[in-house]
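In what follows, a single structure is set out as structure tokens and then discussed.
No value in this document is a laboratory result; all are computed from the given coordinates. Just so you know, these numbers come straight off a predicted model, no measurement behind them. Here the Cβ positions follow ideal geometry from the backbone for every residue, glycine too, while neighbour counts run over all protein chains shown.
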Amino acid sequence: MALLSPSRRLRRTPFSDGVEAAGVKAYTVYNHMLLPTVFRSVQEDYHHLKEAVQIWDVACERQVELRGPDAGRLMQMLTPRDLRGMTVGQCYYVPIVDETGGMLNDPVAVKLAEDRWWISIADSDLLYWVKATAHGWRLDVLVDEPDVSPLAIQGPKADDLMARVFGDSVRDVRFFRYGIFDFQGRDMVIARSGYSKQGGFEIYVEGGDIGMPLWHALMEAGKDLDVHAGCPNLIERIEGGLLSYGNDMTDDHTPHECGLGKFCNTHTAIGCVGRDALLRVAKEGPVQQIRAIEIDGPAVPGCDRWWPVTANGKRVGRVSSAAWSPDFDTNVAIGMIRMTHWDAETEVTVEAPDGPRAARVRETFWA
Ligand code: THG
């Protein structure tokens with residue numbers, strides 16, 4: 001594929017100078033912003049992520065901030081996950097649905113105060129839906145995109161690196177909780193979360209000006225830990241079953257089809273805009289669902305369109321993400337599979353661009 005032409009519509013991030021100095025080899029575009037995809041190679045980055053620690057420029061995980069007396073009410077209107085038990089200091093992975101129950105985004109919600117939330121979004125223009133909802137219901141809440149850029153520290157040595165910069169107390173932050181930590185006199189929201197299964201943190205960097213000082217401090221502190229610039233890794237995230245909005249699911253899918261039913265409490269999520277629609281579809285149950293799929297043969301090419309999944313010549317689903325996994329010694333994939341074929345170990349055919357491949361549905365890749 002040809003190169004991307006830079007322009008002001010394709011936003012750089014506060015960390016882009018560091019990413020470039022670290023030798024980024026490829027970008028994608030996410031929320032109209034640069035997102036690195038390769039540093040050394042996808043496979044080298046994958047092995048390093050599982051062994052050491054990486055610093056990820058995930059500034060493209062933009063925040064939609066809700067501020068005001070109706071912030072909590074608005075947040076509950078957006079998601080079928082019941083937020084009543086959520087306290088300040090917690091993060092929740094939340095499906096966001098439209099009035100038909102279709103997925104609009106699958107962000108991380110951060111509760112900063114009763115009247116202040118961040119929605120750390122996946123790749124869709126959620127801001128407009130949230131603004132329109134607030135306006136249409138005449139809610140007393142401000143909705144905007146603040147100057148907040150997540151920086152993820154991921155990998156088995158993430159705790160050691162973070163402790164050197166923020167102190168040992170950062171080790172006590174629990175999964176999907178956050179604490180406030182000082183860096184050069186600035187408050188930073190630091191959560192134990194991130195788009196990998198290797199463990200680590202996400203620093204919500206407020207103010208682009210502090211981005212590069214923080215980047216340099218982490219790189220300097222981690223020299224003997226083999227710290228390296230990294231990015232969400234295609235292979236590792238498929239192995240871990242982490243979904244990618246726009247690739248694995250769109251607004252054509254309900255949370256239940258996406259396997260996100262465990263993050264829905266539709267009966268008690270009073271006020272959720274898609275609640276009635278979701279109650280209807282949840283009663284019947286989904287007829288297709290996201291599945292882990294193992295694809296036989298040599299390394300598959302990149303999956304930049306949906307690959308049909310068939311059985312006896314009939315279409316039973318599609319693959320949306322696929323990669324060769326060195327650790328599992330097979331191709332790992334994520335797809336949407338009809339209920340007739342979604343049971344674990346069901347044999348199917350994946351119509352890859354280089355020809356049909358034997359494949360099978362798996363429970364998960366890691367168990
Ligand atoms: N972190 C932050 N913002 C994000 C992402 C992130 N925005 C974009 C994108 N990633 C949103 N999608 C996801 C998908 C998966 C997870 C988080 C965001 C995730 N899932 C865990 C899992 O499925 O194992 C844990 C979910 C849970 O138990 O609550 O972490 O990564 N800030």
Using only DSSP helix segments of four residues or longer, with each worth -39500 (n - 2.57), what per-residue ellipticity at 222 nm results for the chain after dividing by its residue count and rounding to 500? -5500 deg cm²/dmol
List the longest stretch of the chain that has no exposed loop site; here a site is one of the trypsin sites (Lys or Arg not before Pro) assigned by DSSP to anything other than H, G, I, E or B, with at most 10 other Cβ within 10 Å. 139-304
Can you list residues whose amide H is under 5 Å from ARG177's amide H, if they're 5+ apart or on another chain and H is modeled 1.01 Å from N? CYS91, ARG192
Entries of LYS111/LYS262; LYS157/LYS197; LYS111/LYS283; LYS131/LYS197; LYS111/LYS131; LYS50/LYS223 with Cα pairs more than 24 Å apart: LYS111/LYS283; LYS131/LYS197
Please list, by residue number, every one of the chymotrypsin sites (Phe, Trp or Tyr not before Pro) in the stretch 1-55 that is coil in DSSP and has at most 15 other beta-carbon atoms within 10 Å. none
So which chymotrypsin sites (Phe, Trp or Tyr not before Pro) in the stretch 303-367 pass both tests, a DSSP loop state and at most 16 other Cβ atoms within 10 Å of the Cβ? TRP306, PHE328, TRP366
Per-residue ³J(HN,Hα) for the stretch 21-34, Karplus 6.51 cos²θ - 1.76 cosθ + 1.60, θ = phi - 60°, Hz, x for Gly and Pro: 4, 7, x, 3, 9, 7, 10, 10, 10, 9, 6, 6, 9, 5
Placing +1 at every Lys and Arg Cβ and -1 at every Asp and Glu Cβ, with all other atoms neutral, what dipole size does the chain have around its Cα centre, in debye to the nearest 20? 660
Can you say what percent of the DSSP beta bridges in the chain, counting only those with both residues inside, are antiparallel? Round to 5. 95
Computed ³J(HN,Hα) along the stretch 209-215: with the Karplus parameters 6.51/-1.76/1.60, θ = phi - 60°, integer Hz and x for glycine or proline, the list is 5, 8, x, 5, x, 5, 3
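What net charge is computed for the residues neighbouring LYS50, neighbours being all others with C-beta under 9 Å from the C-beta of LYS50, Lys and Arg scored +1, Asp and Glu -1?
-3
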Assuming a viscosity of 0.692 mPa s and a temperature of 37 °C, what translational diffusion coefficient in µm² per second does Stokes-Einstein assign to the chain, Rh being the Kirkwood radius over Cα pairs? 153
In sequence order, calculated HN-Hα J values of the stretch 48-63 (Karplus, 6.51, -1.76, 1.60; Hz; x Gly/Pro): 5, 4, 7, 10, 10, 8, 10, 10, 10, 7, 10, 4, 5, 6, 5, 9
Long-range amide H partners of VAL38, meaning residues 5 or more apart or on another chain whose placed amide H is closer than 5 Å, are LYS25, ALA26
Could you pull out every residue, at least 5 positions away or on a different chain, whose amide H is within less than 5 Å of the one on LEU112? Hs are placed 1.01 Å off N in the peptide plane, and Pro or chain starts have none. TRP117, TRP118
May I ask for the net charge around GLU239, where only other residues with Cβ less than 9 Å from the Cβ of GLU239 are counted and Lys, Arg are +1 while Asp, Glu are -1? 0
